[in-house]
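The block underneath contains the structure these notes are about, expressed in structure tokens.
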Amino acid sequence: MATSTDKLHNATAIDSLAISSLLTPNERLDNALANSAKNGLPRITISPLQGQYLAIQAQLIGAKRILEVGTLGGYSSIWFASTGAKVTSLEINPKHRDVAVENCKGLDVEVILGDAGEILPKLQSEGQIFDMMFIDADWERQAAYFEWGTKLVRKGGCIYVDNVIRELLEEGAPALSGQKESLLTHVKKLKDSGVKVTASVISTISGHKGNSEEMMDGFLIAVVE
Ligand code: SAH
Ligand code: DHB
Ligand code: MG
């Protein structure tokens, strides 16, 4: 039996093997990570394999307009823009926004500075519609952002929420038992009130971060009906 230390080591090795086997080296992405590190941004981007997964997802639905909540240095924005979609990304931190604008120069990426809780209602009142929404910002507001997503994403479009499993694990017993509201109970409430959305949760193990606390995670994916 492999010990959990072995498994951690193996998960990291599997990540490396998958990256070298499946991904094409991409200078723009590498430079974005290097420039983000140079500017002291936290290392909390999506992983390279997750980036390629999201780009595949965008291609599968023919996404032309993608809404992102949580830009950081624009690493995930670059993945989305690489599919040919126009990316609208929301970021509350001016320093992160500045680094993202540098990293995304020449790409079809618009970064809007501000609190997503305020910008999402504005986008809706302007009648903006997106094919896909990627939620990757403050975890405790996943449910609120998801609800805006059901209004901002077209029928047949999708909503992806990052870090859903880790948020539940960190919230602990009250959220896990359904006593405290989580994204999952909120989706149920929305569905019960007639919002047409079909969702699932996928757990992931990733050696990307190289530490066991952050290996277990997972995302929610939903299609707006
Ligand atoms: N999607 C990025 C990582 C995002 S990290 C990538 O994979 O490359 C999360 C980001 O969300 C941080 O930059 C943080 O400043 C931003 N954020 C946190 N709260 C926010 C809010 N209320 N509105 C907009 N952005 C927020
Ligand atoms: C953290 C945040 C994220 O959005 C993520 O994908 C990974 C880690 C964090 O704050 O640790
Ligand atoms: Mg995240």
In the list ALA144, ALA137, which residue meets the criterion of being within 16 Å of ligand 1 (Cβ to nearest atom), of a type in the set (Gly, Ala, Ser), out of contact with any Cys (no Cβ under 6 Å at 6 or more places or on another chain) and within 25 Å of ALA55 (Cβ to Cβ)? ALA137
Can you confirm whether GLY62 is open to solvent by 10 Å² or more (accessible area, probe 1.4 Å), farther than 21 Å from LYS38 by Cα and in contact (Cβ under 8 Å) with a residue 60 or more places away in the chain? yes
Anything in region 114-140 that is free of Cβ contacts under 8 Å to residues at least 40 places away in the same chain and closer than 22 Å to THR198 by Cβ? List them, or say none. GLN124
In region 39-59, the residues that are touching a helix residue (DSSP H, G or I) at 6+ places or on another chain (Cβ under 9 Å), open to solvent by 20 Å² or more (accessible area, probe 1.4 Å) and more than 16 Å from ligand 2 (Cβ to nearest atom): ASN39
Here are VAL153, VAL161: which of them is surrounded by 15 or more Cβ atoms within 10 Å (Cβ to Cβ) and within 24 Å of PRO42 (Cβ to Cβ)? VAL161
Members of region 147-182 that are part of a loop (DSSP other than H, G, I, E, B) and more than 16 Å from ligand 1 (Cβ to nearest atom): GLY172, SER177, GLY178, GLN179, LYS180, GLU181, SER182
Looking only at region 79-138, filter to residues that are of a type in the set (Phe, Trp, Tyr) and outside any strand (DSSP E or B); which one of those is most open to solvent (accessible area, probe 1.4 Å)? TRP79
Which one is surrounded by the fewest Cβ atoms within 10 Å (Cβ to Cβ), of the residues in region 188-225 that are touching a helix residue (DSSP H, G or I) at 6+ places or on another chain (Cβ under 7 Å) and in a helix (DSSP H, G or I)? SER212
Could you tell me how many of the residues in region 202-225 are within 14 Å of ligand 2 (Cβ to nearest atom) and modelled with pLDDT of 95 or more? 3
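The values are calculated or read from the model by the stated rules, or taken from the named source; none is laboratory data. Just so it is clear, the structure is predicted and the values come from calculations on it, not from any experiment. FYI the Cβ positions are ideal-geometry reconstructions off the backbone, even for glycines, and counts take in every protein chain you see. Areas reflect the complete protein model, heavy atoms only, side chains present, ligands, DNA and RNA absent. Shrake-Rupley method; radii C 1.70, N 1.55, O 1.52, S 1.80 Å.
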